[in-house]
Amino acid sequence: MKSGDKAEVYAVDIEGDGISFENARLKDIESRMQSGVSLRIIKDGLQGFAYTRNLRSREELIRNALDSLKGGVEGTFDFPLTKNLQSLDTYDPSIETLSNARMVEECSRVCDLLSQRTTGQINVSASRSVGSMRIMNSSGTDFSSKSSAYRFHTGLLYPYTSASLNRTWRVKTFQEVPDGYLNFLAETYTMSVREVIPGKKPLKVFFLPETVYVLMWRLQTAANGLSIHQNISPLAHKTGEKIFHESVSVYNDPLNDTIPGARAVDDEGTPCRLFPVVENGVLKNFYYDLYFAHKMNALPSGHGFKGSVTAKPVPSLLHLTMTPGSVSFADIVQSVDCGIIIAGALGAHSGNIPHGDFSIGISPALYIENGEITGNVKDVMISGNIYDTMQKVTAVENTLHPGSGGNFPALLIEDAHVTIRK
Amino acid sequence: MFEILRKILSQVSAHYADIRYEIRRDARIVFQGNELFHIGSNITDGYVVRVIKSGGFSSVAFTRHDDAEKAVHTAEENAGLMALHVQTPVVFAPAEVVKDTFLPLLHEDPRTVPIDEKLELMRQYNTFALRHDKIATTNIQYSEVVREKYFVNTEGTEIREDLITTSINGLITSKDGTLTQNVRVALGGSDGFASLRGQEDELGKRTAIAIDLLKAAPVAGGIYNVVLNQDLAGVFTHEAFGHFSEADLIEDSPSMREKMQIGARLGSDSVSIVDDPEIPGQLGFYRYDDEGVTAKRVVLMDHGILTGRLHSRRTAAAFGENLSGHCVAEDYRYAPMVRMGNIFIEPGGNSFGKLIETLGNGLYILDAKGGQTSGENFTFGAQYGYRVKDGTIREMIRDINISGNLYHTLKNITAAGDDLVLSKTGGCGKGQLNIRSCHGAPHLLVRDVVVGGK
């Protein structure tokens, strides 16, 4: 490249296998071997971007990136020079010895154990993946990493429905799912399998870790540097203000290499760090990639992620977590006089997300009465705005569990707008 | 390319194998507010091989041609492993051998339109929305996806088919003080670039709705009788019933198969539902699915009675039912699965005015804003609505989400309008994103719908 031009290359390779069981029987075995390369260039204050899967022609990739320059997309930021990074343990070589046969065995074991303890249809899946990525840029960054992940997912279906109680297990290499995982599923399912009609008392609402993403999605959108730049975030100018209950702390932790997916840099080569979004209920930070950091005259915060080799980086929180509370799931249930457990959410992607609004169908909705899970309720919806709902958190579970987009505890909410067809 | 694919399949030692190779050409232009965020064209490609061996079945997706031998070996190994564990061997329903090249008829091939011209059109539309002082920002994208597909199987089928999809979609966001509202924009189709021109009126309507929503009151949660407009009724058809008609979703669920028996009464007499990818010029049109099976019109429900299902070759054999040609993939990254092509409720005999009059008191709800299903439970959002009182449309309402149970709701559809409309864009996310998933309906009158709200 000519002097004064800037460039960044991002390359990924991924191999993986997936096993799925439905109704406790082997349904599918799928494998994949996929790769891709993307190129960003900055020239004369403009940005170009191109990608391919098969790098047969470097010239074609460069040509596509140069052609894209002509569109006039602004590119006034610099690619970072990143060196001397903290070393993270993201790859466990023992994953290479994990065979599909072993994963089939584990799925069968879990199905057998659960079928002895529950009456529901059992769907499980296991998958392994090994990935490698490399980021190089014209500032001198040359970072590469290898990662491994093993994931096990269980769904217990309620009779004559596809609503299911779910839980996921995520680790860096194969481990049998622990007894606690199985006990939660079997016991909670058995207590809630009967359909009930709720009483008329005011209902508390209990988000399981698997459904906390509904709330976090709205926070992520509002704290996103893109939303701040577009002036559509309800959180603009609110750093330092209390927006949630003081028991709630939300942060992004890409450096936690005890779980899969840890990252020392984002997809632009900016170093990652432990990043508080909300601390004891107080809004602490917005998050940026290189592009929006420059737009907002802010420091890049290491949150430029691509999602796919075919996409440009955008501000993303991919390692969200919350500070665990002090109460166990069982103790929280025991404390509830009358409540609904949100074990599954439908329609989280609809509604006025930037504004913080949500209106979701709950499927399944488990019913708590006098401190016990007594059944499940049909045709339930809950609506609200997270800046109201999250002020009413009255309990935070003392354990984190994998959910969509991060690791979360269960959250008990004092009251919410619940609509039930009687 | 057929020769290359035949050569890969010649390495397979199995009862059946197929391979699909695709070249995907994308063009995208993205505006965020006044700023051009992205513009570019790119080409990607890849393969998916599938094998049935000894009664087991597996697929492998791979990028590089050099990995073909390893992919074939892995697929055979996986199929062999599956064969050890399945109680019933996997069998494909017989399909005719096809040798064909099918290229769609287009009104202005987008590949012949210079990107500068596309950029200028997008800039005009974007500026059109942003000129209002209550519009805070836009997030609008032009997308063009050309899939050049090659399919070969060991039965002798060889098909080349192109799928070309263009769309303009995104959000227009209005703002008043701290309140923001947004409205989706969705234009496009599979019949060429011409359908994207001259859409200023549509952009104007969407912008006006976004501004009006700032003054609308949030809906009060409760149980209502409602009239759904065509877009929302189409999404309801897709979410509430369509996924249930995908055989792979109920294949291994004894309780669901019991409920979804052909001949069962599931809906009212007012409800007849069809999936028809054969209708030319609509978003969901295709000739052959990704198993090389010819796409067919399927009557799924006839006046409330379940009459059909959507199948892959595997599920058609498992159910003992006819092939329908509904097994498709998003692109080369995925094995195909059963998907809706173009699902819609057939029109009835009622005018829109008659439906509102019959409704009397309730809600008139319009335009889908995302939906999701979990078996028989569904939830979907509406862009906006109106309160209806004494058969007259009154004030606008917002923040509307509807939830329900398929069986209850299908039986609670009391009347269908005479004004069927099919969607222009799609986005079904059943594991993979199907941008050509078309849906449609006339206006529908539905009793006792659960509406979430304050």
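Where a number appears in this text, it was derived from the coordinates with a stated rule and is not lab data. This structure is a prediction, so every number in the text was calculated from the model and none was measured. Positions of Cβ are backbone-derived with ideal geometry, glycine not excepted, and every protein chain shown enters the neighbour counts.
Among the conditions (1) touching a residue at least 40 places away in the same chain (Cβ under 8 Å); (2) surrounded by 20 or more Cβ atoms within 10 Å (Cβ to Cβ), B:LEU214 misses just one, which is (2). You will find that of B:GLY234, B:GLY267, B:GLY242, the residue that is in a loop (DSSP other than H, G, I, E, B) and either within 17 Å of the chain's Cα centre (by Cα) or over 30 Å from B:VAL183 (Cβ atoms) (or both) is B:GLY267 and no other. Look at the range B:1-13: where a residue is without any contact (Cβ under 8 Å) to a residue 24 or more places away in the chain, no partner that is surrounded by fewer than 18 Cβ atoms within 10 Å (Cβ to Cβ) and part of a helix (DSSP H, G or I) sits 6+ places away or on another chain with Cβ atoms under 6 Å.
Determine whether the range B:299-314 contains at least one residue that is surrounded by fewer than 24 Cβ atoms within 10 Å (Cβ to Cβ), within 14 Å of chain A (Cβ to nearest Cβ) and not in a loop (DSSP other than H, G, I, E, B). Yes, the conditions are met somewhere in the range B:299-314. Residue by residue through the range A:187-236, note down the ones that are surrounded by 19 or more Cβ atoms within 10 Å (Cβ to Cβ), among the small types (Gly, Ala, Ser) and assigned to a loop (DSSP other than H, G, I, E, B). Answer for the range A:187-236, where residues must be surrounded by 19 or more Cβ atoms within 10 Å (Cβ to Cβ), among the small types (Gly, Ala, Ser) and assigned to a loop (DSSP other than H, G, I, E, B): just A:SER233. Within the range B:354-390, if we keep just the residues that are β-branched (Val, Ile, Thr) and surrounded by 24 or more Cβ atoms within 10 Å (Cβ to Cβ), the residue that is nearest to the other protein chains (Cβ to nearest Cβ) turns out to be B:THR379. Here B:GLN32 qualifies as of a type in the set (S, T, N, Q), within 11 Å of chain A (Cβ to nearest Cβ) and either under 30 Å from A:GLU106 (Cα atoms) or out of contact with any Pro (no Cβ under 9 Å at 6 or more places or on another chain) (or both).
Within the range B:6-22, the residues that satisfy the criterion of being buried (at least 18 other Cβ atoms within 10 Å of the Cβ) and outside any loop (DSSP other than H, G, I, E, B) are B:ILE8, B:LEU9, B:TYR16, B:ALA17, B:ASP18, B:ILE19, B:ARG20, B:TYR21, B:GLU22. Say whether the condition of being surrounded by 24 or more Cβ atoms within 10 Å (Cβ to Cβ), of a type outside the set (Ser, Thr, Tyr) and outside any loop (DSSP other than H, G, I, E, B) is met by at least one residue in the range B:285-297. No; the residues of the range B:285-297 include none that is surrounded by 24 or more Cβ atoms within 10 Å (Cβ to Cβ), of a type outside the set (Ser, Thr, Tyr) and outside any loop (DSSP other than H, G, I, E, B). The set of residues in the range A:139-159 being surrounded by 21 or more Cβ atoms within 10 Å (Cβ to Cβ) and outside any strand (DSSP E or B) consists of A:TYR158 alone. Spot the failing condition for B:LYS149; the list is (1) in contact with an Asp or Glu (Cβ under 7 Å, 6 or more places away or on another chain); (2) more than 13 Å from chain A (Cβ to nearest Cβ); (3) basic (Lys, Arg); (4) within 17 Å of B:ILE209 (Cα to Cα), and only one is missed. Going through the list (1) in contact with an Asp or Glu (Cβ under 7 Å, 6 or more places away or on another chain); (2) more than 13 Å from chain A (Cβ to nearest Cβ); (3) basic (Lys, Arg); (4) within 17 Å of B:ILE209 (Cα to Cα), B:LYS149 breaks only (4). Suppose the filter is surrounded by fewer than 24 Cβ atoms within 10 Å (Cβ to Cβ), out of contact with any helix residue (DSSP H, G or I) (no Cβ under 8 Å at 6 or more places or on another chain), more than 11 Å from chain B (Cβ to nearest Cβ) and closer than 14 Å to A:LYS204 by Cβ; does A:GLU414 pass it? Here the answer is no, as A:GLU414 does not meet what is asked. Every residue in the range B:57-71 that is of a type in the set (Gly, Ala, Ser) and within 8 Å of chain A (Cβ to nearest Cβ), please. Matches in the range B:57-71: B:SER58, B:SER59, B:ALA61, B:ALA71. Residues in the range B:244-284 that are crowded, with 17+ Cβ neighbours inside 10 Å, more than 30 Å from B:ASP162 (Cα to Cα) and within 13 Å of chain A (Cβ to nearest Cβ): B:ILE250, B:GLU251, B:ASP252, B:SER253, B:SER255, B:MET256, B:LYS259, B:MET260.
Residue count for the range B:391-430, restricted to those that are touching a Pro at 6+ places or on another chain (Cβ under 8 Å), facing chain A (nearest Cβ under 10 Å) and in a strand (DSSP E or B): 1.
In contact (Cβ under 8 Å) with a residue 40 or more places away in the chain, away from chain B (no Cβ under 14 Å), part of a loop (DSSP other than H, G, I, E, B) and of a type in the set (Gly, Ala, Ser) - does that describe any residue in the range A:379-400? So far as the range A:379-400 goes, no, none of its residues is in contact (Cβ under 8 Å) with a residue 40 or more places away in the chain, away from chain B (no Cβ under 14 Å), part of a loop (DSSP other than H, G, I, E, B) and of a type in the set (Gly, Ala, Ser). If only residues of the range A:112-138 that are of a type in the set (Val, Ile, Thr) and closer than 22 Å to A:THR90 by Cα are counted, the one that is surrounded by the most Cβ atoms within 10 Å (Cβ to Cβ) is A:ILE135. In the range B:321-335, which residues are crowded, with 22+ Cβ neighbours inside 10 Å, in a loop (DSSP other than H, G, I, E, B), within 14 Å of chain A (Cβ to nearest Cβ) and not small (Gly, Ala, Ser)? Answer for the range B:321-335, where residues must be crowded, with 22+ Cβ neighbours inside 10 Å, in a loop (DSSP other than H, G, I, E, B), within 14 Å of chain A (Cβ to nearest Cβ) and not small (Gly, Ala, Ser): B:GLU330, B:ASP331, B:TYR332.
In the range A:266-300, of all residues being assigned to a strand (DSSP E or B) and under 18 Å from the mean Cα position of the chain (by Cα), the one that is surrounded by the fewest Cβ atoms within 10 Å (Cβ to Cβ) corresponds to A:PRO276.
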